[in-house]
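Colleague: Starting off with a structure, shown below.
Derivation of every value follows stated rules applied to the coordinates shown; laboratory data play no part. Just so we're clear, the structure is a prediction, and the values are computed from it rather than from any experiment. Positions of Cβ are generated from backbone atoms using ideal geometry, with glycine treated the same way; all protein chains shown enter the neighbour counts.
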Amino acid sequence: MMPPFATHHEQEAPPLTGNLKARTGRMLAPLLLFGAAFLFGIYLFAPMPAIEQRLIEEVRSNSPLTLSIGSSRLTPWMNLHLGDLSLAGTPWPQPPLYIDELTISPDWLSLISTDPTVSWEGQLLGGSIAGNTNSSGLWQGKANALELDLAVWPEAGIKIKAQLLSASASSALPLAETTISDFELSLDRVHLFGPLVPDDTGQGLNLGRIAMKITGRGPSLVVEELKASEGVLKLTGQGSLLLASELSRSRLNLNLELTPTPDAPPELASLLELFAQRQGDGRFRLKLTGAMNRLALRP
């Protein structure tokens, strides 16, 4: 007969996975509580003036821009909400550029990597912007539905009004010789204004839609595509852009082909003939060259 105590050897041992989960839970619980308390402490006692000043200094040291911040607050999840911002030193639009609100959020998973990332999103010019930036300086961003009123050639009194349908860009700050940069944008309802621009309606010269793509390495960029359609002027262009530390001193070399459409005002062709000779197929070939603050049209 089997001894009574033999049944103890036949009982199943408690699952090891259950013990492991229990031990892990007992270890993680205090850690999570400490983390939550730490974040809450930062949230309660964060020195907002110091945080604002650090952001202002970062912008100043990595760009020719000057940032001003109207208001700021920090959430328990370390999302930094900024309001009533302005950027001075922007070439376009006319400075300062006002930003209604901007939220900067940490990418928590990236904090354990060697290149932590923060994400940002904001509202300005009636539309939205979003993107992310790594501690190494790499960044990418996008913009949608911005209402633009830009002095594109202040010396000639020329400006455009348009809606930016979409834009995307990626590069790095500071810009190194090996940095790969990409930039694309799409504009709609583009109207050109200026002293010499034909404008019988007071609404400017209708250029329709404009698409542009720029790529490059370091400060040397290539304008791969520039196209205007659905307006009174068909336009195509290609060229180069050499960036300087101050964007206004960057040098542009752009070859353009312009063809007035049947809807174009008669004065437009006469205006273009001041700068270039009309080709047999009706096109005008022009060059837009010079520093960004001293551009000139040449045949």
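Colleague: How far is it, in nm, from the label point at Asp149 to the one at Ser166 when both lie 7 Å from their Cα along the line to the Cβ?
Modeller: Using points 7 Å along Cα→Cβ, the separation is 2.8 nm.
Colleague: May I ask you to compute the full-extension gain from Leu74 to Ser240, defined as 0.36 nm times their residue separation minus their alpha-carbon distance, rounded to one decimal in nm?
Modeller: Taking Leu74 through Ser240 to full extension adds about 55.5 nm, to one decimal.
Colleague: Another question, if that's okay. Residues of segment 127-147 with backbone nitrogen within less than 15 Å of a virtual label 7 Å along the Cα-to-Cβ line of Ile180, please, listed as ranges.
Modeller: So the set is 138-140.
Colleague: Using the Karplus equation 6.51 cos²θ - 1.76 cosθ + 1.60 (θ = phi - 60°), what ³J(HN,Hα) coupling, rounded to whole Hz, does each residue of segment 252-258 give in order, writing x for Gly and Pro?
Modeller: After applying 6.51 cos²θ - 1.76 cosθ + 1.60, I find 10, 9, 10, 9, 10, 10, 10 Hz.
Colleague: How much net charge surrounds Ile214 when only other residues with a Cβ under 11 Å from its Cβ are counted (Lys, Arg +1; Asp, Glu -1)?
Modeller: -3
Colleague: Among residues other than Thr261 whose Cβ falls under 15 Å from its Cβ, what is the net charge (Lys/Arg +1, Asp/Glu -1)?
Modeller: Local charge sum for Thr261: 0.
Colleague: Would you mind checking which residues have amide H under 5 Å from Thr261's amide H? H placed 1.01 Å from N; only 5 or more apart, or other chain.
Modeller: It is Leu233, Lys234, by chain and number.
Colleague: Treating only the Cβ atoms of Lys and Arg (+1) and Asp and Glu (-1) as charged, compute the dipole magnitude of segment 205-265 about its Cα centre; round to the nearest 20 debye.
Modeller: 200
Colleague: Ranked highest first by the average count of other Cβ atoms within 10 Å around their residues, in what order do 53-62, 133-142 fall?
Modeller: 133-142, 53-62
Colleague: Report the FRET efficiency, 1/(1 + (r/R0)^6), for Arg278 and Gln203, where r is their Cβ-Cβ distance and R0 is 30 Å, rounded to 0.05.
Modeller: Efficiency, rounded to the nearest 0.05: 0.70.
Colleague: Report, in whole Å, the centroid distance computed from the Cα atoms of segment 188-208 and segment 99-157.
Modeller: Distance between centres, Cα-based: 30 Å.
Colleague: Given a Förster radius of 25 Å and the C-beta distance between Ser61 and Lys213 as r, what FRET efficiency does 1/(1 + (r/R0)^6) yield to the nearest 0.05?
Modeller: 0.25
Colleague: Next question. Can you return the aspartates and glutamates within cross-link range of Lys142? Criterion is Cα-Cα under 12 Å, with same-chain partners fewer than 8 residues away left out.
Modeller: The reachable aspartates and glutamates, counting only those whose Cα sits under 12 Å from Lys142, are Glu121, Asp182, Glu184.
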